[in-house]
Amino acid sequence: MAKAKDKAKTGKAKAKPAAKTNKARSDELPKIAGYGMNDAKIDDLAKNTEDPAGEYLTTNQGVRINDNQNSLKAGERGPSLLEDFILREKITHFDHERIPERVVHARGSAAHGYFQVYESMAQYTKAGFLQDPSIKTPVFVRFSTVAGSRGSTDLARDVRGFAVKFYTQEGNYDLVGNNMPVFFIQDAIKFPDLIHAVKPEPHHEIPQAASAHDTFWDFISLMPESMHMIMWVMSDRAIPRSFRMMEGFGVHTFRFINERGKARFVKFHWKPLLGLHSVAWDEAQKISGKDPDFHRRDLWEAIENGDYPEWEFGVQIVEEKDEHSFDFDLLDPTKIIPEEIVPVRRIGKMTLNRNPDNFFAETEQVAFHTGNIVPGIDFTNDPLLQGRLFSYLDTQLLRLGGPNFHEIPINRPIAPLHNNQRDGFMRQTVNRGQTSYEPNTLRGGCPFQAGMDMDGFTSYAERIDAQKVRARSASFFDHFSQARLFFNSQSEPEQNHIVRALRFELGKVETPAIRERMLGLLNQVDESLATRVGEGLGLQVPAKLDKPLNMSIPADGETKKFQPKPVTQTIGSSPALSMANTPKDTIKTRKIAFLVSDGFDDAAVATMKKALMTAGAMALTVAPRLGVLTGANGDAVKADFSFLTGASVLFDAVYVPGGDASVEGLKREPEAINFVNEAYKHCKPIAGTGAGVGLLARSLGEGFTEADITEEQVNEGVITSRAGQISKVAAAFIAAIAQHRFWERER
C-alpha cells in the first residue's frame with residue numbers, strides 16, 4: 001500500500017524507459033549538429049512539449065482514466081448517461097479539433113532552423129540579428145502553395161509561399177514572401193478579387209488548386225498589371241523540384257534603418273545552395289497522382305536524413321537618393337530590380353535542421369504577419385504591402401480564435417513580453433498586479449516605455465506632403481517591359497514551357513472572348529509568344545484591342561482610361577532570371593532509381609551505388625516485387641520500391657545495371673519499359689551498363705540500338721557502356737545528374 005500511495009503522489013507509473021526518437025529534444029541539443037547549448041526557441045517550445053511514453057491516460061484535468069473503451073451506460077445494453085464527463089470531454093474536444101484553414105497558403109510544410117549573418121550589417125541596419133556572425137537566430141520556415149486547399153496536391157502550378165519567422169532577441173521578425181519576386185496586383189484592394197477569381201468557381205467548386213479555368217483568366221485578361229507575374233507563374237518556377245531547390249523573395253521594397261537613423265531601400269532574397277530546379281509539367285501532373293505529398297515528404301526526409309536545406313540570405317540595397325533613378329517604381333510590387341542593375345549581396349545563411357514535433361501545433365498554428373518587424377527594418381508605401389499590414393493580423397483573429405494567438409508556443413517570441421494586455425479567448429498568461437494601463441503610479445510606472453537607446457522601436461520619419469486620393473501613380477502603368485524582360489531572359493526550353501503552359505491554361509478556358517483578350521495582352525509582351533500560344537488554341541492574335549487596357553469607373557460613373565506607359569528596358573535580358581543559369585555542381589540528395597531483378601550484376605550495382613552515395617545522392621532499388629533480390633554472384637539487395645509503389649516521376653535519374661537474368665526479367669515487365677521511357681521523356685539522366693543497355697534499347701527505340709553500343713557513349717544525358725567500365729560510367733552519370741535535365745530532348 002505504501003508503494004501505491006507513493007506512486008499516486010508522484011503521478012508517475014513504474015513504466016518502461018521512453019523509446020528513443022530521432023527528434024531533437026532540449027536535453028539532447030549539445031549532441032546534435034547545428035544546435036548550440038542556448039537554442040532559445042527550442043527550449044521555449046520544450047515547456048509545452050508533452051511525451052506520453054510511460055505515462056497514464058488522463059482527462060484534461062489530470063484525472064486518470066480507468067476505462068477508455070466503454071462509455072458510462074444504464075446497464076450493459078442501456079442508454080449512455082449524460083454524467084459521463086470523460087465521454088463528453090473527449091467528444092467535445094474532437095468536435096472542435098479543426099480550425100478554419102487559411103484562405104490562401106492553406107497547404108504548407110514547415111521546419112525549424114537557424115540563421116547566421118556573415119558579417120555585421122550595422123552600416124545599413126540596427127536590426128540585432130544582423131549584427132553578430134557568432135549568433136544563431138532561431139527560425140521557423142513555412143512553405144506553401146497559394147490557391148489550393150489543405151488537401152490539395154503539392155505539385156499544382158502555383159506560387160509557393162516562403163515565410164520565415166525569426167525569433168530574435170528584440171522580438172519576432174516575419175519575412176513573409178514567395179518563391180517569385182513580384183505579384184499579380186499593385187494595390188491590396190484587388191487582393192480579394194484575385195483570390196476569388198483563382199479559387200474554385202463558386203457554382204460547382206471546380207477546379208481545385210488550379211488556375212486553368214474561366215474566372216481566373218477572365219480577371220487576368222482585364223488586369224494588364226498582372227502580365228509580369230503571369231510570365232513567372234507560367235514558367236517552370238511554378239513547379240519546383242523541391243522546396244529546397246527554389247528561391248525566396250520578400251516581394252516588396254522595405255527599408256533598412258541604421259543607428260544614425262539613415263534609411264535605405266532594400267529587397268530581400270533567399271538563394272538555395274542546392275541550385276534552382278523544377279520538374280516537367282507532365283511530370284508534375286503524374287506526381288500529383290503518385291505522391292501528392294511529394295514536396296512535403298521531400299523536406300521531411302531530407303531533414304531526417306541530415307541533409308539540412310540551406311539558403312543564403314541576399315539583399316539589394318538602394319540609397320534613398322536613387323529612389324527615382326530607375327525606369328520602374330521601387331514601390332510597384334509587380335516589378336523587380338534586375339540584378340544587373342543592383343547586384344544581390346549575400347549576407348548570411350539559413351539552415352533548416354529540425355522537423356516539427358506536431359504538424360497542427362506548429363505548422364498549422366504558426367501565424368505570420370508582415371507587420372512583425374524589429375528596430376532597423378521598416379515599411380515603404382508599397383500599396384500592396386500596406387494592405388497586407390492589416391490583413392495578416394485580421395485573419396489570425398478568426399482562424400486562431402481570438403487576440404491571444406501570439407501565446408501559442410510556436411508564435412511566442414523568445415524576447416520578454418510585457419504589454420498590459422489582458423483577458424480574451426484562451427488567455428494563458430497569468431498577469432500579476434492591479435494595474436493594466438500606462439502611465440500609472442500604483443505599479444511604479446511599469447512597464448516602462450523604452451527609449452531609442454534601449455532598442456525602443458521608432459517608425460521611420462518619412463516626410464509626406466500629399467492630398468488624400470484614390471489614385472495610382474503614373475509610374476505604375478508600365479505593365480509589359482519587365483514581362484518582356486523575363487520572357488527574353490529564358491532559355492529556349494524555358495520559353496517553350498511557358499508557351500505550353502499558356503496553351504494548357506487557356507485551353508481549359510471555355511469562353512472564346514477571354515482567350516482572345518489574353519492573346520491581346522500576350523502580344524504586348526512578345527509577338528512570337530502570342531502567335532505560338534494562339535496556334536495552340538486555333539486562334540489569330542487580335543489586330544487591335546477593342547477597349548483600353550486600363551479602365552476605371554469611379555462612383556460618378558465617368559469612365560477614366562489609362563493606357564499602359566511604354567517603357568524600353570535598359571537591359572535586354574537578365575541571366576539571373578533563367579533557371580538554366582543556376583549552379584549545377586552537385587547531386588546531393590538526388591534520388592537515383594536502380595532498376596533490378598534477380599540475377600543483377602552485383603559488382604556494377606555496388607560500384608555505382610558507392611560512387612553516387614559518395615557524391616551525396618541516394619541510390620534506391622526498384623524491382624518487379626518487394627522483398628530481397630539476389631544478384632548473379634549471390635549478393636542480396638532489398639527492393640525499396642516495386643513498380644507499383646515507385647514511378648520514374650519520383651526519381652531524378654535512372655540506372656539499369658547488367659546481369660542477363662535481371663535484364664531479361666525486366667524486359668518482360670511493361671512497367672520497367674515505361675519507367676525508362678518516361679524518364680527519357682522527362683529529360684532525366686539515364687545510364688545503362690552491360691546487359692542493361694538492352695533494356696534501354698527496348699525502351700528508347702531508334703538511336704539506341706543495342707548492337708551499335710560497344711563502348712561508353714554519352715548522348716543527351718544517356719550514358720551507356722557494354723564494356724562494363726562502371727567507374728568511368730559513374731563519373732559521366734554523376735556529371736549528367738548535376739545538370740538536372742537535358743531539355744534539348746524535347747525537340
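The values are calculated or read from the model by the stated rules, or taken from the named source; none is laboratory data. For clarity, every value in this text was computed on a predicted model and none was experimentally measured. FYI the Cβ positions are ideal-geometry reconstructions off the backbone, even for glycines, and counts take in every protein chain you see. Heads up: the accessible areas ignore ligands, DNA and RNA and are worked out on the full protein's heavy atoms, side chains in. Shrake-Rupley method; radii C 1.70, N 1.55, O 1.52, S 1.80 Å.
Quick look at the values:
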read-out	value
Test result for Ile336, open to solvent by 60 Å² or more (accessible area, probe 1.4 Å) and β-branched (Val, Ile, Thr)	no
Any chance Lys638 is part of a helix (DSSP H, G or I), more than 30 Å from Arg747 (Cα to Cα) and either open to solvent by 60 Å² or more (accessible area, probe 1.4 Å) or touching a residue at least 60 places away in the same chain (Cβ under 8 Å) (or both)	no
Number of the condition not met by Val430 [criteria: (1) of a type in the set (A, V, I, L, M, F, W, C); (2) modelled with pLDDT of 90 or more; (3) under 30 Å from Asp327 (Cα atoms)]	(3)
Any hit, segment 306-325, residues being at pLDDT 95 or above, in contact with a helix residue (DSSP H, G or I) (Cβ under 7 Å, 6 or more places away or on another chain) and under 17 Å from Met246 (Cα atoms)	yes
Pairs with Cβ under 7 Å, 6+ apart, first in segment 407-419 and surrounded by fewer than 17 Cβ atoms within 10 Å (Cβ to Cβ) and hydroxyl-bearing (Ser, Thr, Tyr), second in a helix (DSSP H, G or I) and modelled with pLDDT under 90	none
The lone exception for Arg500 - which of (1) farther than 23 Å from Arg237 by Cα; (2) part of a helix (DSSP H, G or I) it fails	(1)
Of all residues in segment 503-516 being assigned to a helix (DSSP H, G or I) and over 32 Å from the mean Cα position of the chain (by Cα), the one that is nearest to Gln482 (Cα to Cα)	Glu516
Residue list for segment 349-380, restricted to those being over 29 Å from Pro133 (Cβ atoms) and either of a type in the set (A, V, I, L, M) or at pLDDT below 95 (or both)	Ala361, Ala367
Within segment 339-361, considering residues that are touching a Ser or Thr at 6+ places or on another chain (Cβ under 8 Å) and closer than 26 Å to Tyr118 by Cα, the one most open to solvent (accessible area, probe 1.4 Å)	Glu340
Unique match (being open to solvent by 90 Å² or more (accessible area, probe 1.4 Å), out of contact with any strand residue (DSSP E or B) (no Cβ under 8 Å at 6 or more places or on another chain) and modelled with pLDDT of 65 or more) among Thr570, Thr582, Thr586	Thr570
Of all residues in segment 148-172 being charged (D, E, K, R) and part of a loop (DSSP other than H, G, I, E, B), the one that is farthest from Ser109 (Cα to Cα)	Glu170
Members of segment 607-635 found to be of a type in the set (A, V, I, L, M), within 16 Å of Val729 (Cα to Cα) and either open to solvent by 60 Å² or more (accessible area, probe 1.4 Å) or part of a strand (DSSP E or B) (or both), listed by number	Met613, Ala619
Single residue of segment 147-180 satisfying the filter (of a type in the set (Val, Ile, Thr) and open to solvent by 10 Å² or more (accessible area, probe 1.4 Å)) that is nearest to Phe268 (Cα to Cα)	Val176
Residue within segment 309-323 that is touching a residue at least 12 places away in the same chain (Cβ under 8 Å), assigned to a loop (DSSP other than H, G, I, E, B) and surrounded by fewer than 18 Cβ atoms within 10 Å (Cβ to Cβ) present	yes
Residue under evaluation Ser144, criteria (1) closer than 19 Å to Phe216 by Cβ; (2) open to solvent by 10 Å² or more (accessible area, probe 1.4 Å); (3) touching a residue at least 24 places away in the same chain (Cβ under 8 Å), criterion not met	(2)
So Thr458, is it loosely packed, with under 14 Cβ neighbours inside 10 Å and in a loop (DSSP other than H, G, I, E, B)	yes
Residue pairs meeting the criteria (Cβ under 8 Å; at least 6 apart or on separate chains; first in contact (Cβ under 8 Å) with a residue 24 or more places away in the chain, in segment 53-79; second outside any loop (DSSP other than H, G, I, E, B))	Tyr56/Arg64; Thr59/Phe85; Thr59/Ile86; Thr59/Glu89; Asn60/Glu89; Asn60/His93
Qualifying residue in segment 243-262 (condition: in a helix (DSSP H, G or I), open to solvent by 10 Å² or more (accessible area, probe 1.4 Å), among the charged types (D, E, K, R) and closer than 25 Å to Thr153 by Cα)	no
